[in-house]
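Novice: Sharing a structure below in structure tokens format, with a few things to ask.
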Amino acid sequence: MAELSNDVFFATITELNAKLKAREFSAVELARAFCDRLEKLGPRYNALALSLRERAVRKAKDVDGDIKRERFRGPLQGVPYAAKDLLCLSGTPTTWGAKPYAGQVFDYDATVLRKLDKAGAVLTGKLAMVELAGGGGYRYAAASLTGPGLNPWDRSCWAGGSSSGSGSAVAAGLVPFALGSETWGSILTPGAYCGVTGLRPTYGLVSRYGAMALSWTMDKIGPMCLSAEDCGHVLRAIAGGDSNDPGSAGKSFYYAPQFARKPAELKVGFAPVDIEEWADPAARPAFRAALEALRGLGVRMVEARLPDFPYNAVAGTVISVEGSAVFEPLIRSGQVDQLADLKQIAGLKAGLDIPAKDYLKAMRIRSLIRAAMRRLFTQVDVIISPSTFGPATKISVPVDSGFTPKPEPKDRGFSDLGAAGNLAGLPALSLPCGFAGSLPVAIQLVGRPYYENHLIALGKAFQDQTDWHRRRPPG
Amino acid sequence: MSQRVTRRRLGTAIAGSLAPLAFGVRAQESRSLPQEALAAAKAEVRKDAEVLDKFPVPMATEPAFRFEA
């Protein structure tokens, strides 16, 4: 491998960009070093779908030329990254993590990749994912063309999904940042399991053009990085209106920490039951410490809970119907049987038979959920809850085998926040906050639509006081 | 790209174009889905539907999507 200090592979975007401008190394040297690392170590975690070394080096040469001429394009210039393999890149395979699409090639680039290219970021590869982003439901971590995503903290454990490769690649220092996507949990779960900072943007803020559709009304693309601040830099580059995306909100995002509300101005809602009953006992000390750290920043903590709705049934129905509709040709042709996970195959087939009345009922309840969440955010500015209630599960057991309290607490607190937040299109920031044993755990900050600047500012303040986001997996 | 193609149409076109290849492959590589797996998936769908059925929605509530002419 190219001779760069190991610290470089775990440097933030801001740090790398400064070093590039200071000519500590060239963009080409940096790209080659990260490509070497991604190619050598990516397969160790089943993280790599496709190396794009030649393209990366060509781009890096352009970047070096620009830097030499002092044509600076912003904090992402010269910074390597990789993208979940549901984002299409012209002329290269985009597999969606699924055998039936292993040879699929598009003739255009996803909007987010085009935007990052314009910002000077260097795409080094495509990253592994759960097949079809897990839309039909899946039982095992092996539900992927590339095998189970392995966790850099413990390779007998799952990296989380469906953005498995994105989570593990950032955690293992194979890329400074990655793009993932979330329909229901697919950024926050691998972010939490792998100990990296993940941002799920407001629905419609980032163009979905060129991304595999799973659920037209719930898919979001977002960054997975080593810090909240880095998430702000990436979101700045990828956000914005796009007439090619029917769900585009037509809004831009400018990372403006100087205008974000100070922690002492924020009212943060939390539910004690989340930590004291829903969370894995091994993770509770870390979650409690995270809440104390936030209190130490001066935020006003208030007890709150989600309004009562059948969130899981609504989210499950919406995703089933939309996902099965997207993949109807796959299902009707029988090619769906080539998928790796039997539960996924069954779920996609069953989704085709859901009557329209059920989908419409789910979408009407969803309107009520959206309105109720708006009312909740008149009482609080931010909601905090564990991103996942426990650490990563073993790859040999079903993915839903994590800790489940028995009997289930009557008070649901914010235990349905994943479904609620995604149904309402809300932004969420997942922050590493400690360990359960040797595995990372994380908290999520959720805000009203377009509240990303304030979430990132609070996340940065938290990370200025803690160092969980700087910890590195062994080896 | 020479023409505007929606993602849905593109997915349909590509899945369709893979059908001949899949047909040859299918005999060797696909396996029949155990009936229990499909039954379990349908049971989950039914369970969600029962939950939704029980939830009252004011008559004036419209679905969370809208059409624009």
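Novice: For residue A:315, only one of the following conditions fails: (1) facing chain B (nearest Cβ under 8 Å); (2) crowded, with 21+ Cβ neighbours inside 10 Å. What is its number?
Specialist: Unmet condition: (1).
Novice: Can I ask one more? What tally of residues in region B:44-63 results from selecting those that are under 22 Å from residue A:137 (Cβ atoms) and facing chain A (nearest Cβ under 7 Å)?
Specialist: 6
Novice: Out of all the residues in region A:429-443, which are assigned to a strand (DSSP E or B) and closer than 14 Å to residue A:152 by Cβ?
Specialist: If the condition is that a residue be assigned to a strand (DSSP E or B) and closer than 14 Å to residue A:152 by Cβ, then A:432, A:435, A:439, A:440 are the ones that fit.
Novice: Identify the residue in region A:378-392 that is open to solvent by 10 Å² or more (accessible area, probe 1.4 Å) and either over 23 Å from the mean Cα position of the chain (by Cα) or among the polar types (S, T, N, Q) (or both) and, among all such residues, is nearest to the other protein chains (Cβ to nearest Cβ).
Specialist: Among residues in region A:378-392 that are open to solvent by 10 Å² or more (accessible area, probe 1.4 Å) and either over 23 Å from the mean Cα position of the chain (by Cα) or among the polar types (S, T, N, Q) (or both), the one nearest to the other protein chains (Cβ to nearest Cβ) is A:378.
Novice: Given the condition under 28 Å from residue B:40 (Cα atoms), within 24 Å of the chain's Cα centre (by Cα) and not in a loop (DSSP other than H, G, I, E, B), answer yes or no: does some residue in region A:393-408 qualify?
Specialist: Yes, that holds for at least one residue.
Novice: Failed condition for residue A:92, given (1) open to solvent by 50 Å² or more (accessible area, probe 1.4 Å); (2) at pLDDT 95 or above, with all others met?
Specialist: (1)
Novice: Can you tell me which of (1) basic (Lys, Arg); (2) touching a residue at least 24 places away in the same chain (Cβ under 8 Å); (3) surrounded by fewer than 21 Cβ atoms within 10 Å (Cβ to Cβ) is the one residue A:58 doesn't meet?
Specialist: The number of the failed condition is (2).
Table: residues versus (1) under 17 Å from residue A:256 (Cβ atoms); (2) surrounded by 24 or more Cβ atoms within 10 Å (Cβ to Cβ).
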| site | (1), (2) |
| --- | --- |
| A:430 | no, yes |
| A:439 | no, no |
| A:446 | no, yes |
| A:450 | yes, no |
| A:462 | no, yes |
| A:466 | no, no |
| A:470 | no, no |
| A:473 | no, no |
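Novice: Right, next: Quick one: is residue A:306 among the hydrophobic types (A, V, I, L, M, F, W, C), open to solvent by less than 30 Å² (accessible area, probe 1.4 Å) and either on the phi > 0 side of the Ramachandran plot or outside any helix (DSSP H, G or I) (or both)?
Specialist: yes
Novice: Conditions first: (1) modelled with pLDDT under 50; (2) facing chain A (nearest Cβ under 7 Å); (3) open to solvent by 40 Å² or more (accessible area, probe 1.4 Å). Residue B:14 passes all but one, so which condition is the exception?
Specialist: (3)
Novice: Related question: Give, as residue ranges, the strands (runs of 3 or more DSSP E) completely inside region A:188-297 that count at least 3 residues that are within 30 Å of residue A:90 (Cα to Cα).
Specialist: Qualifying strands (runs of 3 or more DSSP E): A:197-200, A:220-225.
Novice: For region A:235-281, which positions are in contact with a helix residue (DSSP H, G or I) (Cβ under 8 Å, 6 or more places away or on another chain), of a type in the set (Ser, Thr, Tyr) and over 24 Å from residue A:442 (Cβ atoms)?
Specialist: Within region A:235-281, just A:254 meets the criteria.
Novice: Could you look through region A:96-123, keep only residues that are surrounded by 24 or more Cβ atoms within 10 Å (Cβ to Cβ) and under 16 Å from residue A:46 (Cα atoms), and pick out the one that is farthest from the other protein chains (Cβ to nearest Cβ)?
Specialist: Out of the qualifying residues, it is A:97.
Novice: To continue, here is another question. Any residue in region A:27-42 that is open to solvent by less than 40 Å² (accessible area, probe 1.4 Å), at pLDDT 95 or above, outside any helix (DSSP H, G or I) and out of contact with any Phe, Trp or Tyr (no Cβ under 7 Å at 6 or more places or on another chain)?
Specialist: No, the conditions are met nowhere in region A:27-42.
Novice: While we're looking at this one, here's another question. Among the residues that make up region A:64-82, is at least one of them at pLDDT 95 or above, open to solvent by 40 Å² or more (accessible area, probe 1.4 Å) and not charged (D, E, K, R)?
Specialist: yes
Novice: Which of the numbered conditions does residue A:178 fail, given that it passes all the others? Conditions: (1) open to solvent by less than 10 Å² (accessible area, probe 1.4 Å); (2) out of contact with any Leu (no Cβ under 7 Å at 6 or more places or on another chain); (3) more than 24 Å from residue A:336 (Cα to Cα); (4) aliphatic (A, V, I, L, M).
Specialist: (2) is the only condition that residue A:178 fails.
Novice: Only one of (1) small (Gly, Ala, Ser); (2) on the phi > 0 side of the Ramachandran plot; (3) surrounded by fewer than 24 Cβ atoms within 10 Å (Cβ to Cβ) is not met by residue A:134, so which one is it?
Specialist: (3)
Novice: Taking residue A:404 as the residue in question, decide whether it is open to solvent by 10 Å² or more (accessible area, probe 1.4 Å), free of Cβ contacts under 8 Å to residues at least 12 places away in the same chain and β-branched (Val, Ile, Thr).
Specialist: Taking the combined requirement at face value, the residue satisfies it.
Novice: Going through region A:327-374 one residue at a time, which ones are in a helix (DSSP H, G or I), in contact (Cβ under 8 Å) with a residue 60 or more places away in the chain, more than 9 Å from chain B (Cβ to nearest Cβ) and open to solvent by 20 Å² or more (accessible area, probe 1.4 Å)?
Specialist: The one that is in a helix (DSSP H, G or I), in contact (Cβ under 8 Å) with a residue 60 or more places away in the chain, more than 9 Å from chain B (Cβ to nearest Cβ) and open to solvent by 20 Å² or more (accessible area, probe 1.4 Å): A:374.
Novice: Another one. Can you name the residue in region B:17-69 that is at pLDDT 50 or above and among the acidic types (Asp, Glu) and is also surrounded by the most Cβ atoms within 10 Å (Cβ to Cβ) among such residues?
Specialist: Filtering region B:17-69 for residues that are at pLDDT 50 or above and among the acidic types (Asp, Glu), the one surrounded by the most Cβ atoms within 10 Å (Cβ to Cβ) comes out as B:48.
Novice: If you don't mind, there's one more thing I want to ask. For region A:75-94, give me each residue that is out of contact with any Lys or Arg (no Cβ under 8 Å at 6 or more places or on another chain) and in a loop (DSSP other than H, G, I, E, B).
Specialist: Hits for region A:75-94 are A:75, A:76, A:77, A:78, A:79, A:86, A:88, A:90, A:91.
Novice: Just need a number here: residues in region A:95-128 that are outside any strand (DSSP E or B) and either in contact with a Ser or Thr (Cβ under 6 Å, 6 or more places away or on another chain) or not basic (Lys, Arg) (or both).
Specialist: So the count comes out to 23.
Novice: What number of residues within region B:30-69 are assigned to a loop (DSSP other than H, G, I, E, B) and of a type outside the set (Lys, Arg)?
Specialist: 18
The values are calculated or read from the model by the stated rules, or taken from the named source; none is laboratory data. Quick caveat: nothing in here was measured; it's all calculated off a predicted structure. In this analysis, Cβ positions are derived from the backbone assuming ideal geometry, glycine residues included, and neighbour counts consider all displayed protein chains. When the accessible area is computed, the model is the full protein with side chains, heavy atoms only, and any ligands, DNA or RNA have been set aside. Shrake-Rupley method; radii C 1.70, N 1.55, O 1.52, S 1.80 Å.
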